[in-house]
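Down below is the structure, laid out as C-alpha cells.
The values are calculated or read from the model by the stated rules, or taken from the named source; none is laboratory data. For clarity, every value in this text was computed on a predicted model and none was experimentally measured. Heads up, the Cβs are rebuilt from the backbone with ideal geometry, glycines too, and the neighbour counts pull from every protein chain shown.
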Amino acid sequence: MHMNEAAYAHCRIDLMSWTRYRDRLADDPIIFVPVGALEQHGPHLPMGCDAILAAAMTARVADALGGLQMPTLTYGYKSQARSGGGQLFPGTTSLDGATLTSMVQDILRELARHGGRRVVLVNGHVENQWFLTEGIDLALRELSLSGKAMQVVRCEYWNYTPQPVLESLFEDTFPGVDLEHAALLETSMMLALHPELVDLEAMPEDALGSFPGHDRYPQDGRGVPASGVLAPASRASAEKGALLIESTVAAMVAALGQAFSETMR
Ligand SMILES: [Zn+2]
C-alpha cells in the first residue's frame, strides 16, 4: 500500500472533469465523503489531523473498491473536552451542529441528483457522529418524497482497526478511542503518512485526560492536559502507523464492500 496520497488521486472527483465523473457514475460506484475537523491536536500534530486521516483512509478504500472520493469536509462539530480537549484552544474552529447537518444533507441531495445511489461518509472526528447521522436522515426523508432511492453508510474509521492490532500496539491498556486524541494512534498514522507535518521535538510529556461521568458547560478545560493531548503519544512510530492504516483499510474494504452487496443490486 502506498503512503503517498498522489497514488490515489484518480478517485477524486474534484480532480476530474464532469464528463469523466458522469462516465464513472454509470458503473454505480460507491461515493465516499471523508469528514474531519479543524481542531488542536497537541503541539506536535497539525490541526487538520482528523481531516487528513479520514481522507487518507478514504482514498485507499475508494481505490480498492473502484469508488469515487468527494472533497473532504475539513470543519467539524465542536470539540468536546473528553474527546478533543474542547473549544478553548486557539485554532480549533468548529461548526454548529445544524451547519454540519445541513452540509451533509446538501451534499447527499446533490449526489442523488447526479445519479449517485451508494454513499459512505468516512468520519475522522468523534464529535461529528450524530450530526452526520442527522444529515443522512434528513436527506433520505427528503429523497424518499421525490421517489429517489439512496443507500448511505456512516462509519468511524477507527472502529475497523482489528483488536489484535490494537493489543499489539498497546502493550498494557488501551485508553479508549476518545482519549486517544492526538495520542499514539493519530501520531503514528501521521508519522507514516506525513512525517514532515509531525514535530517530534514538540511532543509533550505523557499525560492522561481525566473526566467525571458528566460534561460541564460552559467548558472550562478541567481534566484536559495543558498540551491538548489526552493520552500518551511518546511510543508512536511510523511502523505502528503503517500497520494501523493497512489493517484498518483492509477491514474497511471487506466491510464496506459487503455493506451494499445485498441491497439495490
Ligand atoms: Zn483527531
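Structural remarks
- When segment 132-162 is filtered for residues that are farther than 24 Å from S261 by Cβ and either buried (at least 19 other Cβ atoms within 10 Å of the Cβ) or in contact with a strand residue (DSSP E or B) (Cβ under 7 Å, 6 or more places away or on another chain) (or both), only G135 remains.
- Subset of segment 1-26 [in a loop (DSSP other than H, G, I, E, B) and at pLDDT 95 or above]: M16, S17, A26
- So L166, is it of a type in the set (A, V, I, L, M, F, W, C), part of a helix (DSSP H, G or I), out of contact with any Asp or Glu (no Cβ under 6 Å at 6 or more places or on another chain) and surrounded by 15 or more Cβ atoms within 10 Å (Cβ to Cβ): yes
- Whichever residue in segment 27-61 is in a loop (DSSP other than H, G, I, E, B) and away from the ligand (no atom under 16 Å from the Cβ) and, among such residues, is surrounded by the most Cβ atoms within 10 Å (Cβ to Cβ): I30
- Meets criteria (touching an Asp or Glu at 6+ places or on another chain (Cβ under 9 Å), at pLDDT 95 or above, away from the ligand (no atom under 14 Å from the Cβ) and not acidic (D, E)) for Q105: yes
- Within segment 139-167, residues that are under 14 Å from Q105 (Cβ atoms) have Cβ atoms under 6 Å from residues that are aliphatic (A, V, I, L, M) and assigned to a strand (DSSP E or B) in these pairs: V152/V119; R154/L121, counting only partners at least 6 apart in sequence or on another chain.
- In the set (1) among the hydrophobic types (A, V, I, L, M, F, W, C); (2) closer than 26 Å to P204 by Cβ; (3) surrounded by fewer than 22 Cβ atoms within 10 Å (Cβ to Cβ), I107 fails one condition alone, (2).
- Of the set (1) closer than 23 Å to F211 by Cα; (2) in contact with a helix residue (DSSP H, G or I) (Cβ under 9 Å, 6 or more places away or on another chain); (3) within 16 Å of the ligand (Cβ to nearest atom), all apply to F170 but (3).
- Qualifying position, being out of contact with any strand residue (DSSP E or B) (no Cβ under 6 Å at 6 or more places or on another chain), assigned to a helix (DSSP H, G or I) and more than 19 Å from F89 (Cβ to Cβ), among L244, L179: L244
- Segment 62-91, residues that are assigned to a helix (DSSP H, G or I) and touching a residue at least 60 places away in the same chain (Cβ under 8 Å): A64, A81, R82, S83, G84
- Number of the exception - A182 against (1) at negative phi; (2) in contact (Cβ under 8 Å) with a residue 24 or more places away in the chain; (3) surrounded by 14 or more Cβ atoms within 10 Å (Cβ to Cβ): (1)
- Lone qualifier among G116, G76, G97, G66 - being within 15 Å of the ligand (Cβ to nearest atom) and small (G, A, S): G76
- In the set T74, T99, only one residue is under 18 Å from A54 (Cα atoms) and of a type outside the set (G, A, S); that residue is T74.
- Note on segment 112-128: among residues that are touching a strand residue (DSSP E or B) at 6+ places or on another chain (Cβ under 6 Å) and in a helix (DSSP H, G or I), the one that is surrounded by the most Cβ atoms within 10 Å (Cβ to Cβ) is N128.
- Sole residue being farther than 21 Å from K78 by Cα and part of a helix (DSSP H, G or I), chosen from T133, T173, T187: T187
- If the condition is being charged (D, E, K, R) and either touching a strand residue (DSSP E or B) at 6+ places or on another chain (Cβ under 6 Å) or within 29 Å of H194 (Cα to Cα) (or both), then segment 1-23 contributes E5, R12, D14.
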